[in-house]
Every structure is written in C-alpha cells, then in structure tokens.
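Only one structure is covered here, and it is reproduced in the block below.
The values are calculated or read from the model by the stated rules, or taken from the named source; none is laboratory data. Just so it is clear, the structure is predicted and the values come from calculations on it, not from any experiment. Quick reminder, even Gly has a Cβ in these numbers, built from the backbone with ideal geometry, and neighbours come from all protein chains shown.
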Amino acid sequence: MANGVDFVHDFECQWNEQVQRIKNQTTAQRIQALNEQIETFETFYGGSFQDLFGHLNDLEIDGMSEAVDLLDWKELVKERQRLLDMTFTEEPSENGGTQGEKRQDHPDTPFPHNP
C-alpha cells in the first residue's frame, strides 16, 4: 500500500506543479503551448481537426477507437480559439486591465477603445 500512497502523492505534486505553471503563463505562451500540442495531432493524423473530423459530432467521435485523442484535440482547438478571440477583442488599458467597452454591432463583446 505504501507504493500506492507514494504514487498518489507524486501525482498530486506533479499536478500542482503543472497547474502553477499554467497559471503563470502569459496568454501568448499558452497559445504557443496549445499550437505545439495541436501540431503534434496534425502531424500524426495528417491534417487539421476541422478538415479531418470537423463534420463529426461528439457522439460519432466517441464511437471511434481514437476518441480520447480526438476529443482532446478538439478541446485544444477550442481553447486556442477562445484565447485568440479574447486576445483580439480586448485591449490593455492604462492600468494593465482591459477596456470594458462593448462593440456597437455586438453589445456583448468587448472592443478596444479608440479615442
């Protein structure tokens, strides 16, 4: 049983280190890390997720032998897009935060302030 406890403790330590590393990443660093992970999948499968599997829903993917990889890949692509959207819709303000203004054509979306 001691080996099991050591394994759990080691896993928790590794997990906590990974969480801290992710928290300390800048958005650009996180996007770069996502790109590297996505490129690994693209090289392995021979194309982009959208081109190869974009026409499938999660239930269809779940029935495939590669389901775990494909769903992970899909989540990576979605997270990258979310970060890119966030990066391009927000502009740093003078105090380091972001402008809280809304786009006129999409009232729920922030946009950079142009004085």
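Farther than 19 Å from Asp72 by Cα and surrounded by fewer than 10 Cβ atoms within 10 Å (Cβ to Cβ), is that true of Thr43? In short, no.
Quick grid of which residues meet (1) at pLDDT below 95; (2) surrounded by 10 or more Cβ atoms within 10 Å (Cβ to Cβ); (3) of a type in the set (Ser, Thr, Tyr):
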| residue | (1), (2), (3) |
| --- | --- |
| Met1 | yes, no, no |
| His9 | yes, yes, no |
| Glu17 | yes, yes, no |
| Ile22 | yes, yes, no |
| Thr26 | yes, no, yes |
| Ile31 | yes, yes, no |
| Gly47 | no, yes, no |
| Leu59 | no, no, no |
| Ala67 | no, yes, no |
